[in-house]
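Here's the structure we're looking at; comments come further down.
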Amino acid sequence: MQTKLLRPSEEPAAIEEAGALLRAGEVVGIPTETVYGLAADALNPQAVKRIFEAKGRPQDNPLIVHIADLSMVREIATEFPPEAQKLADAFWPGPLTIILPKQDKIPMVTSGGLNTVGIRFPVHPMAQAIIRAAGVPLAAPSANISGRPSTTTAQHVMEDLHGKIAAVVDGGPCSVGVESTVVSLCGERPRLLRPGGISLEQLQSVLGEVDVDRALKEKIDDSEKVSAPGMKYRHYAPKAPVTVVFGTPEASAQYIAQRLGQHTGVLCFDDCAQLFCGKAVVETFGPSDDEAQQAREVFDALRRFDDTDCTEIFAQCPPSRGIGLAVANRIKKAAGFHVIDLTEEQA
Ligand code: TXA
Ligand code: MG
């Protein structure tokens, strides 16, 4: 299959073409504000199966269903509790996914066999236009081969999925850069299942107390039952093994500088790069004091290591506040939670 690159900025009919492909049960890579999505008609089990095949995704990992209008919620979820309304008022459209009990109309293949469904209303105008052109809610996981870093440009999507899907819509680089925050409203209390573009502090400002899923903090065994099945898989990983060095930028840079070999990769803040230049394979992901920029760059930087000959990677990591919690989570997951915590060693 030839994968067509569609450019709505040059060709307005591109959105209509993407919509027609989606209605016909094809899989299309689409831009959103977080990362690129691998979209198909969420109500068509055959189309959704194609997403799993293209990505090589485990069948028990549910997909997020994307809407372009609040009224679409009614055909997807059986209820929309007051907490959901509050979250929607504050953060939709935007990088937040809300888990609710699902309607029978949503096929089990979409929800990974669960009775719940993740719903997201993206703010990216092209994502909204494509959903409207398709006329149906779109199931879309991140548009990467399962286990690889998520994609934040149409070129990344082509790298991973060329020949496996009908088309990719080029909407330029993603403005948030890490995936949506996933919050479940199916238990007694709201629970954060995945940190993302909306921070935990923002959720708390609307909901009060929010439980934080244990999968955010530690490695979960493959056989264990977890709230967000996606959290148990090794993820976002370059080919070389990653070690996270957690601490102040100065302390982590110093620790890494003492351990450089010829084939060592270093994922570091812009302002620490000069320490490693010429001595290691260096990829930067933004200034140490700008977590929003780190979010935009982290997946691209992780991907770049695969074009190098490094055999091990040390990574710096931001503190777990604001969107830094999401950035730190992605880097720790890329490392399989192999973390050297310098703050603990000092204590
Ligand atoms: O920003 C995003 O959320 C992107 C864009 C394309 O919208 N999508 C995305 O999808 O990141 P994906 O499939 O790569 O990640 C979805 C995460 C997984 O960890 C999955 O297990 C969890 O959300 N999830 C989805 N539906 C769920 C459900 N019903 N219950 C619990 N977790 C769910
Ligand atoms: Mg993903």
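Amide H to amide H, with H built 1.01 Å from N, Ala166 comes under 5 Å of Val27, counting only residues 5 or more places away or on other chains. The relative contact order of segment 4-216 comes to 30 percent, based on Cα pairs under 8 Å that sit 6 or more residues apart. So if I take the centroid of the Cα atoms in segment 273-336 and the same for segment 78-142, what is the distance between those two points in Å? Their Cα centres are 30 Å away from one another. Taking amide hydrogens as placed 1.01 Å from N in the peptide plane, the amide H of Val117 sits under 5 Å from those of Leu100, Lys102, each at least 5 positions away in sequence or on another chain. Please say if segment 242-346 is rounded, prolate or oblate, where rounded means a/c under 1.5 for a ≥ b ≥ c the square roots of the C-alpha gyration tensor eigenvalues, and otherwise the choice is prolate for a/b larger than b/c and oblate otherwise? Taking the square roots of the gyration eigenvalues as a ≥ b ≥ c, segment 242-346 is rounded. State whether segment 4-216 is rounded, prolate or oblate according to the following rule on the C-alpha gyration tensor (a ≥ b ≥ c being the square roots of its eigenvalues): a/c under 1.5 gives rounded; otherwise a/b larger than b/c gives prolate, and the remaining case gives oblate. Prolate, because a/c is 1.5 or more and a/b exceeds b/c. Stretched out straight at 0.36 nm per residue, the stretch from Gln46 to Asp307 would grow longer than its current Cα-Cα span by 90.5 nm.
Each residue of segment 98-108 is assigned a 3J(HN,Hα), and the resulting list reads 10, 8, 9, x, 9, 6, 4, 4, 7, x, 4 Hz, derived from the Karplus form 6.51 cos²θ - 1.76 cosθ + 1.60 (θ = phi - 60°), x at Gly and Pro. With the simple spin-label model, which puts each label point 7 Å out from Cα in the Cβ direction, the Glu218 to Asp89 separation comes to 3.8 nm. 3J(HN,Hα) along segment 237-244: 8, x, 5, 6, x, 10, 10, 8 Hz, from the Karplus curve 6.51 cos²θ - 1.76 cosθ + 1.60 with θ = phi - 60°, whole Hz, x for Gly and Pro.
Remark: the Lys279-Gln258 segment gains 6.5 nm on full extension, using 0.36 nm per residue and subtracting the alpha carbon distance.
Rounded to the nearest 0.05, the FRET efficiency derived from the C-beta distance between Glu344 and Asp60 at R0 = 30 Å is 0.30. Converting phi to 3J(HN,Hα) with the Karplus coefficients 6.51, -1.76 and 1.60 and the offset θ = phi - 60°, segment 133-142 yields 5, 6, x, 9, x, 10, 6, 8, x, 4 Hz in sequence order, with x at every glycine or proline.
Given a Förster distance of 51 angstrom, what is the FRET efficiency for Asn115 paired with Glu11, based on the Cβ-Cβ distance and rounded to 0.05? Working from the Cβ atoms, E equals 0.80. Full extension of the chain between Leu70 and Asp289 yields a length gain of 75.2 nm, computed as 0.36 nm times the residue separation minus the alpha carbon distance.
Using the structure shown, list the pairs from Lys105/Lys219; Lys49/Lys102; Lys219/Lys279; Lys49/Lys333; Lys4/Lys49; Lys105/Lys333 with a Cα-Cα distance above 28 Å, or answer none. Over 28 Å Cα-Cα: Lys105/Lys219; Lys219/Lys279; Lys105/Lys333. Remark: spin-label model distance Glu188-Lys105 equals 3.3 nm, labels positioned 7 Å along the Cα→Cβ axis. Each stretch of four or more DSSP H residues adds -39500 (n - 2.57); spread over every residue of the chain, this sum gives -8000 deg cm²/dmol at 222 nm.
Taking amide H as placed 1.01 Å from N in the peptide plane, Ala77 has its amide H under 5 Å from the amide H of Gln103, each at least 5 places away in sequence or on another chain.
No lab work stands behind these numbers, since they all come straight from the coordinates. These numbers were taken from a predicted model, which means no experiment stands behind them. In this analysis, Cβ positions are derived from the backbone assuming ideal geometry, glycine residues included, and neighbour counts consider all displayed protein chains.
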